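Structure first, then comments.
The values are calculated or read from the model by the stated rules, or taken from the named source; none is laboratory data. The shown structure was predicted, so the numbers you read here are calculated from the model rather than taken from an experiment. Counting neighbours? That spans all protein chains shown, and the Cβs are built from the backbone with ideal geometry, glycine included. The accessibility values were calculated without ligands, DNA or RNA, using every heavy atom of the protein model including side chains. Shrake-Rupley method; radii C 1.70, N 1.55, O 1.52, S 1.80 Å.
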Amino acid sequence: MGTRNFIAAASLAMMVIVSSPSEARTLFTNDTASRTQALALLETLNADLLSHPSATLTLERWCGEHGLAPEAKIVAHRVKGDDKLLPDNARQALGISAGEPVHYRRVQLACGELVLSEADNWYVPSRLTPQMNQVLDTSDQPFGKVVQPLHFRRQTISAELLWSPLPKGWEMDAPLPAAGKGALAIPHEVLRHRAILYTGANQPFSLVVETYTAEVLAFGRR
C-alpha cells in the first residue's frame, strides 16, 4: 500500500476514533495513525485561528471542545521581565512615528493547568481607551478580551507550523517514520502566528506574535 493510501486509511480510522470522547483523550502514540491525527488537529487549529480575530476566544473554544480542563476558560498569566524590542518595520506596519510610545506585554494563555500559548504583544496605548490601558497595566486579563469593544479584526502576517508529525513529502509517498513504543514525542512549540490587529475603523493598534505549545494536543492529561 502506498504512503498516500495508507495515510487516507489512517485518517478514516482517526475519524472513527475521534467520534468517541473517551478515545479522543488518549495520548498520542508513536505510530502513523497518531501522527496523522496530530497533523490533522494542528491544521484544524491553525485554520480556526486564521479565520477568527481573537486567538483568546478561539483557544477557549478549542479547550472546551477537546476537554483540556474542567472549565473552558482562558486565563492570561503575565510574564514580567525585560521588554522585547519592537521588531524591525513594526512601526511602519502599525502606522506610527518614531516617537510614538509602544507598550509591550508578554502573557501565557492557560486553560486550567495547561499553557496553550505564549504571546508577545506590542500595542499603541494612544489607540486604546484609558480604561483598556488601565486593565492591561494592572491585571492579567487576556488582551483580546480587553480590546474586544474595539470590534477589531486580525490580519495575519505569517502562520508557521513549527513541528510536523509527518515528514515533508509524505503525500508523495516519502518514507514514513518507523513506529515505536510509547508516546509520540512532541516538542514544546508547535505553531507560530504573527499578526496585526486593526480597530473597527481600520486603524492598526497591535502587533502580536503567538507561539502555541504542545499542550493544545494534551487531550489525555487533564
query = Of the residues Ser158, Ser126, which is of a type outside the set (Phe, Trp, Tyr) and either modelled with pLDDT under 95 or open to solvent by less than 50 Å² (accessible area, probe 1.4 Å) (or both)?
reply = Ser158
message = I'd like the residue in segment 163-176 that is open to solvent by 50 Å² or more (accessible area, probe 1.4 Å) and closer than 30 Å to Glu118 by Cα and, out of all such residues, is modelled with the lowest pLDDT.
response = Trp170
remark   = Out of (1) open to solvent by less than 80 Å² (accessible area, probe 1.4 Å); (2) closer than 20 Å to Tyr198 by Cβ; (3) not aromatic (Phe, Trp, Tyr), the one Ser139 does not meet is (2)
request  = From Ser126, Ser117, Ser51, Ser34, grab the single residue that is more than 21 Å from the chain's Cα centre (by Cα) and polar (S, T, N, Q).
outcome  = Ser126
task = Considering each of Leu136, Leu86 in turn, give the residue that is in a helix (DSSP H, G or I), touching a strand residue (DSSP E or B) at 6+ places or on another chain (Cβ under 7 Å) and more than 30 Å from Leu41 (Cα to Cα).
result = Leu136
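Restricting to segment 41-56, what's the tally of residues that are open to solvent by 50 Å² or more (accessible area, probe 1.4 Å) and either under 14 Å from Ala214 (Cα atoms) or not small (Gly, Ala, Ser) (or both)?
5
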request  = Look at His77 and say whether it is loosely packed, with under 15 Cβ neighbours inside 10 Å and either at pLDDT 90 or above or touching a Pro at 6+ places or on another chain (Cβ under 6 Å) (or both).
outcome  = yes
ask   = What do you reckon, is Glu210 within 22 Å of His77 (Cα to Cα), at pLDDT 95 or above, open to solvent by 40 Å² or more (accessible area, probe 1.4 Å) and under 17 Å from the mean Cα position of the chain (by Cα)?
value = no
note = Residue pairs within 7 Å by beta carbon, gap of at least six or interchain, first lying in segment 31-49 and within 24 Å of Ala195 (Cα to Cα), second not in a helix (DSSP H, G or I) and not hydrophobic (A, V, I, L, M, F, W, C), listed first then second, are Leu39/Ser164; Leu39/Pro165; Leu49/His193
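Checking the condition in contact (Cβ under 8 Å) with a residue 12 or more places away in the chain and in a helix (DSSP H, G or I), which residue from Ser126, Ser158, Ser164 passes?
On the way: Ser158 fails: in a helix (DSSP H, G or I); Ser164 fails: in a helix (DSSP H, G or I).
Result of the check over Ser126, Ser158, Ser164: Ser126.
Consider segment 80-93. How many of its residues are of a type in the set (Gly, Ala, Ser) and either on the phi < 0 side of the Ramachandran plot or open to solvent by less than 50 Å² (accessible area, probe 1.4 Å) (or both)?
Total satisfying the criteria: 2.
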task = Run Ile96 past the list (1) under 26 Å from Val135 (Cα atoms); (2) open to solvent by 30 Å² or more (accessible area, probe 1.4 Å); (3) modelled with pLDDT of 90 or more and report the number of the one that doesn't hold.
result = (2)
